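*Asks:* Have a look at this one.
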Amino acid sequence: MAVSLVEAIVFRVALGAWIRRAYWRILAANAVSTLTGGIVLAFQDAIIDASGIRRSVPDFVRGYVWVSLVLISLYWAKSVLVEGFIVSTRRFAEQFATTRRRLFRTVVLANLASYLFTGPLFYLVTRPTFGHLQLSKETSWTVNPDVPVYYIDAQDHFVKRITVAGQDRQTVIPYPVTGYIICGRADAYVYRGTDQYLYVLRSLNFTPIRVTNTSERFYMPSVGLSPDQRRLAFVQPSNTDEYPNTWRLRVADLDNGRIDDAPNLTIETWNPVVAWSADGKQILVSNGDTKVVAIQAAPPWPSSEQERHPPISSLAESYTHGSKEALNRGFYNQFMEDTQREYRVEDYPYLGSRVWVRRRDQTVLTVTNDYGFLKLGWPTAHSPSFLPKGAEFLLEELGGVYLVGIDQRRMSLLVRGGGYAMLTPRFRVGFSTAMASTGPASDPGP
């Protein structure tokens, strides 16, 4: 209504028309114009994508100023056309003793005046803020400069390694992957190729070993490489369900290619975790939320089951490290919060996604893509993990891995890619060493 009043005032100045007489016609035209604005809105995200500003958070925040000018111009042109069609009629022109052409020029001028108000308002309510952090594309300010970070590159989908300071970038798996785990002392890797096959890449042999095909929905922590790097344990679905929850354990001999099944063993859980004992004599597999099956890693495959608390997802001690795995690139998020000293970082991965940093239950920092009229954001911010030193953590957002400094209120792009992992306890895949006991369930183990 305020916009219609501004335009009516322009009609008063330009044509000498009574404001009341012009107002109601303009109000009706604006109502129709608002409804047709849905056409521009439908293409709004496509326009933003075409601009290329979503390459990174800094690009998005800084580039949106210019993209919003394009969007405002499109909305203004739409308003001129729609309102001009409704207002610039012969009958309405006769009421003001003017021509339709002059009436249309007045509509153009009136919309220009109204958009001097609505244009800045549009920008302010739609601009991305990301918590009003200081944004950059360099991470040399970190207090963890030498910590290595593994990630899947956004362009070639190779697994690469880089330090948090952005130095010493190296390719460690020169093949496109959809998931991976780091084994031993980062001298071997198991990865899932784009052909859905599992491969093992050892540092002493630069030719990957193709092991087996995987199901469409596969969970990389369901794979474990033995400490001697000669055997690979993994699970495969026992049925053809779209979302399988029963599995069989298989062990592949990488020297001769033979694959054995562990008989009389059914794993019942959504996403089983597989690991090896430190001596390589046992395979540990999660079964349900809190149970672990310990299996002798050789025929006749005797096994026992134990129950431990807390749930499997919080236990960590093994020889493999993996990224925060997404199930079939879906929204399954393995790690949603992390703690370090007095800080706790929490990830809310759904609509309105954001990452909170809390200190003594007080929110001190929020990372969120507040793009849109309702400030809901996109479901992209996820996987926060503290670094060893200082109040710094990594997260994934908008197709990249970012370094966030809590004290500096700073967020910097480390790499374009995702599925990052570090050689820290948080990224270990497996169970505590107490699970290696083969005693009865009541036996607490060593």
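Where a number appears in this text, it was derived from the coordinates with a stated rule and is not lab data. All values derive from a computational prediction rather than experimental measurement. All Cβ positions, glycine included, derive from the backbone under ideal geometry; neighbour counts span all protein chains shown.
*Asks:* Name the aspartates and glutamates eligible as straight-distance cross-link partners of K281: C-alpha to C-alpha under 15 Å, and not fewer than 8 places from it in the same chain.
*Replies:* Here the aspartates and glutamates satisfying the reach criterion relative to K281 are D228, D253.
*Asks:* For segment 112-172, what mean projected area does the convex hull of the alpha carbons give, in nm²? Intermediate results must be reported in sequence, preceding the final value.
*Replies:* Numbers: hull surface 27.7 nm².
One quarter of the hull surface, i.e. the mean projection, equals 6.9 nm².
*Asks:* I would also like to ask the following. State whether segment 2-127 is rounded, prolate or oblate according to the following rule on the C-alpha gyration tensor (a ≥ b ≥ c being the square roots of its eigenvalues): a/c under 1.5 gives rounded; otherwise a/b larger than b/c gives prolate, and the remaining case gives oblate. Spell out each step's value before the answer.
*Replies:* Details: a/c = 3.06, a/b = 2.46, b/c = 1.24.
Verdict is prolate for segment 2-127.
*Asks:* Let me ask something else about it. Students often forget the sequence filter, so: which aspartates and glutamates lie under 20 Å Cα-Cα from K291 once same-chain residues fewer than 8 apart are removed?
*Replies:* List returned: E268, E305, E307, E317, D443.
*Asks:* Next question. Under a 5 Å amide H to amide H cut-off, with H placed in plane at 1.01 Å, what residues pair with N287 once short-range neighbours are removed?
*Replies:* V292, V293
*Asks:* Still on this structure, please answer the following. What ranking do R354, R210 get, fewest neighbouring Cβ atoms within 10 angstrom at the top? Please list the in-between numbers first.
*Replies:* Working: R354 21, R210 13.
Arranged by neighbour count, lowest to highest, R354, R210 become R210, R354.
*Asks:* Based on the Cβ-Cβ distance of R90 and I47, what FRET efficiency does E = 1/(1 + (r/R0)^6) give at R0 = 22 Å, to the nearest 0.05?
*Replies:* Working: r = 36 Å, r/R0 = 1.63.
Computed FRET efficiency for R90 and I47 comes out at 0.05.
*Asks:* What nm distance separates the two modelled labels at F206 and A31, each placed 7 Å from Cα along Cα→Cβ?
*Replies:* 7.3 nm
*Asks:* How long is the gain from D255 to R105 if the chain were fully straight, where each residue apart is worth 0.36 nm and the alpha carbon distance is subtracted? Spell out each step's value before the answer.
*Replies:* Values: separation 150, 0.36 × 150 = 54.00 nm, distance 8.15 nm.
Computed gain between D255 and R105 is 45.8 nm.
*Asks:* Counting other C-beta atoms within 10 Å, which of Y151, Y197, Y348, Y115 has the fewest, and how do the rest follow? Provide the component values of the computation, followed by the final result.
*Replies:* Values: Y151 25, Y197 14, Y348 17, Y115 20.
Result, fewest neighbours first: Y197, Y348, Y115, Y151.
*Asks:* Can you list the residues, at least 5 places off or on another chain, whose amide H is less than 5 Å from the amide H of G179, using H built in the peptide plane?
*Replies:* So G179 has HN proximity to R192.
*Asks:* If you don't mind, there's one more thing I want to ask. Suppose the chain between S304 and L116 were pulled fully straight at 0.36 nm per residue; how much longer would it get relative to their current alpha carbon spacing?
*Replies:* Working: separation 188, 0.36 × 188 = 67.68 nm, distance 7.34 nm.
Here the answer is 60.3 nm.
*Asks:* Let me ask another. Roughly how compact is segment 222-291, stated as its Cα Rg over 2.2 N^0.38 Å to two decimals? Don't skip to the answer; put the middle values down first.
*Replies:* Numbers: Rg = 12.2 Å, N = 70, 2.2 N^0.38 = 11.1 Å.
For segment 222-291, the normalised Cα radius of gyration is 1.10.
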